[in-house]
Each structure stands twice: as C-alpha cells, then as structure tokens.
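Worksheet: one structure, shown below.
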Amino acid sequence: MTLLIQPTSPELQLADWARTMSRSVLRQMIAVVSQPGILSFAGGLPDPELFPTQAFAEAMAQVLATDGLALQYRPPFPPLKRHIVNLMAQRGVTCTEEQVFITTGAQQGLNVLARLLLNPGGQVMLEEIVYTGAQQAVAPFLPDILTVPTDLQSGIDVDAVERHLAQGARPAFLYLIPEAHNPLGVSISRDKRTRLVELARFYGVPIVEDDPYGFLTYGDDWGMESRLLSDSASSLQSLPLRALDAEWVFYLGSFSKILAPGLRLGWLIAPEWLIPRLTVVKEAGDLETSGLMQRAVAAYLDAGHLPGHLAKLRRAYGRRRDAMLSALACHFPADARWTEPHGGMFIWVELPDGMDTAVLLETAVAQE
Ligand SMILES: Cc1ncc(COP(=O)(O)O)c(C=O)c1O
C-alpha cells in the first residue's frame, strides 16, 4: 500500500471555541509586572509571608506518618467535609456533609457547574466586569453571555437582572461574587441579596455564588464573629446567598485565600441529589482532588489553627487596604474614584476620562 504524501502538511484543527481563544489580559499584565524591582498590585495573589507554612508542614508530616493510604486513590475525605460544614455554619449557612462536594479549588467548582448546567451555545448571565476565570469556565460552550452592570456601592444591578428575566431570558445560571468582588471590591447589599434569591426562585434560574473572600472581612467591627454573633441589621448584611436559599444557590468556597492557593483545595455546596452527577463530571477532569491535601488540610483544621490564622489575615490585609486607600487619596488625580472594600483583595480604581491605563502601565514600567 502506498501512502499519498501531501504536498503541504495538514493543518491541526482546533475546536471552534479554542480558535477564538485569546491570551488573558491579566496574564499578559502579570508577565510585564513580574520583572525584578516591580511590585504589582494587579493580580489577587495572597502574600506568601502570610501562608501558614510551619503549621501546615506539621499537619502534612503527621498525615504521612500515620496514614499509609494517604497517597492512594481515595474517595473524598469525610472529616474534611465535617470541617467545611462547620466553616459554613460560621458564615451563617446550614448544610450537611452530603451537600459538600470537595473540589480542586473554586475554579474547578465553577468549571464542573458550567459543564453540569450549560448547553453548547446556551445562555449565562455575568456582570460586565467580572473575574476572568468565570469567562474562561464558560468559554468552551460558546455561550450567549447576558451582561449586567454593577453599582460600585451596592453590587450587581438587580433591576437589570430582573429586566432580562422578565423579557424571557433563562440563563443556565447567574454568576455572582457577593463578598469583596474580584476585581471591583464591592459587596452586594443585603436588600439586593434578598431580591436576587427571590428572582432565582421565581424564574428558576440558579445562582452560582463564588465566595473565596467571604472569610476575609476586615476589622473587628466588621469581622466574621461580630457579624454572626449579633442580630443587628449589619450582621445580616453579609450572609451568603446560600444562607437564604438551599435549592437555587450553588456555593463555591476555597482554601486558596484563607490558607494558600498552592493547596488547590476548595468546595462546592449543592443539593444532595446533584452530588453523584457532579462526581461524574469532575472525574472526567481529575478523577479526584488530591487525597493527601484533603487529609493535610483536615489535620491542620483539627489542630485548631484556623481561627487565629484568619484573625491574623484580616488584620494584615485590613491594614494594607487602609494604606492603599490613603495612598490613593494622596497621589491620585482629584477626579479619580475607587471602591472602599470591606474585605478581600481588590480596590477598583477609575481614572479620569481620556486616561488610557494600558498606556499608563507601559509608561510607568519604562520610567520607574
Ligand atoms: C472570584 C474568584 N473565584 C475563584 C478564584 C479561584 O479560586 P481557587 O484558587 O480556589 O481555584 C479566584 C482566585 O483569584 C477568584 O478571585
């Protein structure tokens, strides 16, 4: 048999969505600012000096010394689920271990939910300015993205959400970051949270609540304990949407910002009947989240380190927020405006009309 030699080599055919893929602006920016001598405030990278390295090393050593199967393929680790149920209770959310689905980070949670809920070419609802990972998670479906604006004081424009739904849109889900939005820094007001949940129920449109910053609220007056242990109006302000509805809200949690992103460990709270389906979807991606990491984090939590660590993080990041806000007030043009976050890692700055931030970044990198 003779093989026909083609005069030119055939072109590799990428999937439709992969052909439209472009390099994320954030990654390009990180490449520019990761040069020596440049301190970047662009990405949401936690400070490595705040990683609980010593305590985590002890937890990991203990697991390896005592659990001979920690390195084996294993199902999700029940003691970690118990810890997550307790953590959620501290945020005012009631859930059961059966509703906890361990993920390899919140990003994976978003990815499996997109694969579970979204059809190719289907609709999703996102804010106009939103965490780029949310856009990346839905991109393979070439979705019709309905966008809604965000108010920098009170969060997503709920009237705009309602208008879309009232006009007949039925997105596969509405994606939200209710606490310390990435990148806008705003938290959704209490009234809006209630309305969003009502809309989800009324129109049968699930909400994906992405909450990696919910444990990172600043200052004693705004800290987790003070909000959850009192009944004042402000104490309810920051309840996750999942605390208001267990059927239509899928909650994404993460250890990335409260311990370290390198652990690649997070969780999803979903109705129990969906957990077996989520398991099948996830298995196609990574079979299972690292059993070793699940055990090491559970051992770290068993040792009771987290409350003190969280208090330390909230103090440290709160001080940095204050320093950044003072620097902005001191050095930025009078008609620039910015958000004043109650938590998380993001301040959103808008410069006066006519200033191109891409050009400004190049100039700053070249001149400074
Ligand atoms: C809003 C939001 N969701 C998800 C993630 C990713 O979290 P994880 O590291 O748990 O995958 C981030 C990380 O910056 C984020 O800001």
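The values are calculated or read from the model by the stated rules, or taken from the named source; none is laboratory data. A quick note: this is a predicted structure, and the numbers were derived from the prediction, not measured. Reconstructed Cβ throughout: ideal geometry from the backbone, glycine too, with neighbour counts over all protein chains shown.
When segment 246-272 is examined, which residues are found to be in contact with a Lys or Arg (Cβ under 9 Å, 6 or more places away or on another chain) and surrounded by fewer than 18 Cβ atoms within 10 Å (Cβ to Cβ)?
Correct list: 247 only.
What are the residue pairs meeting all of these: first residue in segment 1-25, first residue assigned by TED's automatic domain parsing to the domain that holds residue 140 and farther than 30 Å from residue 121 by Cα, second residue modelled with pLDDT of 90 or more and assigned to a loop (DSSP other than H, G, I, E, B), Cβ atoms under 6 Å, and 6 or more apart or on different chains?
Note: no pairs meet the criteria.
Filter the strands (runs of 3 or more DSSP E) completely within segment 47-159 down to those with at least 1 residues that are in contact (Cβ under 8 Å) with a residue 40 or more places away in the chain and more than 16 Å from the ligand (Cβ to nearest atom).
Strands (runs of 3 or more DSSP E) meeting the threshold: 123-127.
Go through segment 167-182 and report how many residues are within 10 Å of the ligand (Cβ to nearest atom) and polar (S, T, N, Q).
Looking only at that region, the number is 1.
Taking residue 185, is it more than 16 Å from the ligand (Cβ to nearest atom), part of a loop (DSSP other than H, G, I, E, B), on the phi > 0 side of the Ramachandran plot and of a type outside the set (Ser, Thr, Tyr)?
no
Within segment 246-296, work out how many residues are hydrophobic (A, V, I, L, M, F, W, C), away from the ligand (no atom under 14 Å from the Cβ) and over 20 Å from residue 115 (Cα atoms).
The total comes to 3.
Which of the residues spanning segment 273-301 are farther than 17 Å from residue 73 by Cα and exposed (fewer than 14 other Cβ atoms within 10 Å of the Cβ)?
273, 276, 277
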